[in-house]
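Chemist: Below you will find the structure I want to go over with you.
The values are calculated or read from the model by the stated rules, or taken from the named source; none is laboratory data. Here the structure is a predicted model, which is why all the values come from computation and not from measurement. Neighbour counts run over all protein chains shown; Cβ positions are idealised from the backbone, glycine included. Areas reflect the complete protein model, heavy atoms only, side chains present, ligands, DNA and RNA absent. Shrake-Rupley method; radii C 1.70, N 1.55, O 1.52, S 1.80 Å.
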Amino acid sequence: MLLISCPNCGSRDETEFHYGGQAHVPYPKNPNELNDRQWAEFLFYRDNTKGAFAERWLHSTGCRQWFNMLRDTVTYEIQAIYPMGTPRPDAAGRTTPDTGTASTAADSTTTGTAAPDISGTSTATTGTTPASTTAPEGATK
Amino acid sequence: MSADLLPEHPDFLWRNPEPKSSYDAVIVGGGGHGLATAYFLAKNHGMTNIAVLEKGWLAGGNMARNTTIIRSNYLWDESAAIYEHALKLWEILPEELEYDFLFSQRGVMNLAHTLGDVRESMRRVGANKLNGVDAEWLDPKQVKELCPILNISDNIRYPVMGATYQPRAGIAKHDHVAWAFARKCDEMGVDIIQNCEVTGFVKDGNRVVGVKTNRGTINTEKVGLAAAGHSSVLAEMAGFRLPIQSHPLQALVSELHEPVHPTVVMSNHVHVYVSQAHKGELVMGAGVDSYNGYGQRGSFHVIEHQMAAAVELFPIFARAHVLRTWGGIVDTTLDASPIVGNTPVDNMFVNCGWGTGGFKATPAAGLTFAHNIATGSPHKLNKPFALERFETGALIDEHGAAAVAH
């Protein structure tokens with residue numbers, strides 16, 4: 001179970017959230033000009049990064065707001081949480097150690113920790129809503 | 001169904017050769033699919049100067065982690081054709097490989113819990129029959145007769161309204177399947193090279209001519225990728241993209257019990273699938289974790305969810321204990337169908353995207369992928385599963401239609 005720090009609501013269990021896949025995939029600027037290959041890229045091809053991955057999450061049973069997260073797809077460590085419509089924070093300096101085969105201990109699945117926030121957005125713990133998180137530009141599902 | 005029936009633990013069944021400097025073909029991935037591909041390359045196409053490269057130990061990835069269910073009751077013609085061909089191969093392989101890997105055709109039941117499920121299921125039974133796949137519709141009473149421990153009462157959240165049943169489906173000992181293929185490959189001269197991780201490819205223009213590994217560079221005429229969850233990583237090294245997302249998929253076993261569960265029961269709606277292994281442990285799986293992941297582990301709430309479903313359907317499981325849970329990395333596509341065929345790189349071929357249900361397809365994946373690698377063009381069974389379908393739009397949308405999230 002990931003523990004996810006919603007920018008609006010604070011730390012909540014993963015079960016309150018809905019996964020939205022890769023972030024920063026804009027709708028084509030001139031859709032009429034795309035060929036079949038380019039449409040396929042937009043519809044079906046997404047990065048499948050091993051390591052730091054920018055992805056979208058929806059706090060579906062909380063504030064119902066979308067936000068972006070930078071998460072390591074090997075360790076599942078949450079590295080940053082930042083508003084939609086803002087650029088991906090720099091993840092330089094992070095390494096992705098190969099963890100090899102998984103531990104079978106049940107508690108090893110609890111990997112989510114409140115992220116060190118490098119986007120400048122407050123990881124609100126009081127339930128207040130920072131203005132910077134209410135800009136769901138491009139927040140399509 | 002007891003421990004005495006299991007074959008004795010085998011002695012070493014294959015050599016551990018040093019990689020040669022060159023091969024006619026290199027298969028990346030020493031799991032079930034990679035080994036089956038090498039087997040059919042050697043047997044059907046006479047290509048014995050080939051190697052299977054495995055970064056860990058043989059069949060230690062998803063081949064070691066799946067729930068071993070084998071069935072072919074898929075909705076669409078293309079899927080039914082390839083999975084039914086696989087099932088027919090499963091039926092003859094123990095003899096052909098001279099290895100009894102305990103393929104047990106105990107039947108697979110796919111439960112229906114809603115009116116929508118019932119309609120979909122009946123449609124699938126009809127489609128299966130037209131494609132020569134054995135399929136029946138069972139009412140709740142017949143479900144209970146075949147699997148007496150199932151709760152068919154109306155007083156549960158999602159009552160059992162019936163099921164589809166494929167009598168020829170079943171389970172097999174997954175490790176033994178891999179070892180059976182590996183032994184035959186080795187006998188025919190195939191080099192199975194473990195602890196050999198691919199770190200890059202050597203290309204001449206757009207043609208692959210070699211594989212870089214942690215044990216040196218290996219020249220080769222052809223490369224077949226069969227790396228499941230890590231397919232995207234390999235494709236990136238080779239300079240192309242795949243429409244794949246890698247997710248954790250978890251499964252679990254209970255401690256050993258006396259035989260209580262005579263068949264295989266799958267439920268898409270409440271999301272669990274259960275069989276009882278030959279030794280006696282209850283084997284269960286569910287759907288993938290929602291997020292992308294290469295960690296070979298998932299979140300525990302997914303396990304809780306599938307346990308809740310299992311206990312409601314099988315009340316006697318309430319007193320069983322979870323002995324072990326684990327996860328693998330599955331390579332999912334958006335139409336829930338595999339990708340087998342050519343790639344944008346010349347002489348490089350890919351077999352991936354089997355997602356949560358690749359084990360059952362092992363023999364047919366090997367057969368068709370070997371054909372594709374040897375001849376350069378697809379076998380008629382894997383032709384519809386080419387990468388191009390994402391551009392042409394000829395998707396094979398098996399989501400939900402194929403009984404369960406595999």
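Chemist: Among (1) open to solvent by less than 10 Å² (accessible area, probe 1.4 Å); (2) on the phi < 0 side of the Ramachandran plot; (3) away from every other protein chain (no Cβ under 14 Å), where does residue B:280 come up short?
Modeler: Condition not satisfied by residue B:280: (2).
Chemist: Say we look at region A:53-64 and pick out the residues that are surrounded by 21 or more Cβ atoms within 10 Å (Cβ to Cβ) and either over 9 Å from the mean Cα position of the chain (by Cα) or of a type in the set (Phe, Trp, Tyr) (or both); which of these is nearest to the other protein chains (Cβ to nearest Cβ)?
Modeler: Here the residue is A:53.
Chemist: Further question: Restricting the search to region A:39-52, which residues are crowded, with 16+ Cβ neighbours inside 10 Å, within 8 Å of another protein chain (Cβ to nearest Cβ) and among the aliphatic types (A, V, I, L, M)?
Modeler: Residue satisfying the conditions is A:40 alone.
Chemist: Identify the residue in region B:35-83 that is open to solvent by 10 Å² or more (accessible area, probe 1.4 Å) and of a type in the set (Lys, Arg) and, among all such residues, is farthest from the other protein chains (Cβ to nearest Cβ).
Modeler: Step by step, filter region B:35-83, then rank; the result is B:43.
Chemist: Here are some conditions: (1) of a type in the set (S, T, N, Q); (2) open to solvent by 10 Å² or more (accessible area, probe 1.4 Å); (3) more than 7 Å from chain B (Cβ to nearest Cβ); (4) touching a residue at least 24 places away in the same chain (Cβ under 8 Å). Residue A:79 meets all but one. Which one does it not meet?
Modeler: (2)
Chemist: When you go through (1) at negative phi; (2) in contact (Cβ under 8 Å) with a residue 40 or more places away in the chain; (3) more than 18 Å from the chain's Cα centre (by Cα) one by one for residue B:95, which number turns out not to apply?
Modeler: (2)
Chemist: What pairs come out if I take residues in region B:354-365 that are farther than 14 Å from residue B:398 by Cα and modelled with pLDDT of 95 or more and pair them with residues that are open to solvent by less than 10 Å² (accessible area, probe 1.4 Å) and of a type in the set (Val, Ile, Thr) whose C-beta lies under 6 Å away, six or more apart or interchain?
Modeler: Correct list of pairs: B:360/B:70; B:364/B:82.
Table: residues versus (1) in a loop (DSSP other than H, G, I, E, B); (2) open to solvent by 10 Å² or more (accessible area, probe 1.4 Å); (3) farther than 23 Å from residue B:337 by Cα; (4) in contact with a helix residue (DSSP H, G or I) (Cβ under 9 Å, 6 or more places away or on another chain).
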residue: B:243; (1), (2), (3), (4): yes, no, no, yes
residue: B:248; (1), (2), (3), (4): no, no, no, yes
residue: B:262; (1), (2), (3), (4): yes, yes, yes, yes
residue: B:265; (1), (2), (3), (4): no, no, no, yes
residue: B:274; (1), (2), (3), (4): no, no, no, yes
residue: B:290; (1), (2), (3), (4): yes, yes, no, yes
residue: B:296; (1), (2), (3), (4): yes, yes, no, yes
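Chemist: Could I ask something else about it? List every residue pair whose Cβ atoms sit under 7 Å apart, with the two residues 6 or more apart in sequence or on different chains, where the first one lies in region A:33-50 and is over 21 Å from residue B:230 (Cβ atoms) and free of Cβ contacts under 8 Å to residues at least 60 places away in the same chain and the second, anywhere, is open to solvent by 60 Å² or more (accessible area, probe 1.4 Å) and assigned to a helix (DSSP H, G or I).
Modeler: What qualifies is A:36/B:391; A:37/B:391; A:40/B:391.
Chemist: Using beta carbons and a limit of 9 Å, which pairs, at least six apart or on different chains, have the first residue in region B:122-143 and at positive phi and the second one open to solvent by 70 Å² or more (accessible area, probe 1.4 Å)?
Modeler: none
Chemist: Here are B:386, B:370: which of them is small (Gly, Ala, Ser) and buried (at least 22 other Cβ atoms within 10 Å of the Cβ)?
Modeler: B:370
Chemist: Is it true that residue A:69 is in contact (Cβ under 8 Å) with a residue 60 or more places away in the chain, more than 14 Å from chain B (Cβ to nearest Cβ) and over 18 Å from residue B:232 (Cβ atoms)?
Modeler: No.
Chemist: Under the condition of being away from every other protein chain (no Cβ under 14 Å) and under 13 Å from the mean Cα position of the chain (by Cα), which residue from region A:2-38 is most open to solvent (accessible area, probe 1.4 Å)?
Modeler: A:24
Here's the yes/no breakdown for (1) within 30 Å of residue B:368 (Cα to Cα); (2) surrounded by 16 or more Cβ atoms within 10 Å (Cβ to Cβ); (3) touching a Lys or Arg at 6+ places or on another chain (Cβ under 7 Å):
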{"residue": "B:120", "(1), (2), (3)": "yes, yes, no"}
{"residue": "B:131", "(1), (2), (3)": "yes, yes, no"}
{"residue": "B:189", "(1), (2), (3)": "yes, no, no"}
{"residue": "B:200", "(1), (2), (3)": "yes, no, yes"}
{"residue": "B:205", "(1), (2), (3)": "yes, no, no"}
{"residue": "B:216", "(1), (2), (3)": "yes, no, no"}
{"residue": "B:224", "(1), (2), (3)": "yes, yes, no"}
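Chemist: Another question, then. How many residues does region B:322-338 hold that are more than 11 Å from chain A (Cβ to nearest Cβ) and either modelled with pLDDT under 95 or outside any loop (DSSP other than H, G, I, E, B) (or both)?
Modeler: The total comes to 2.
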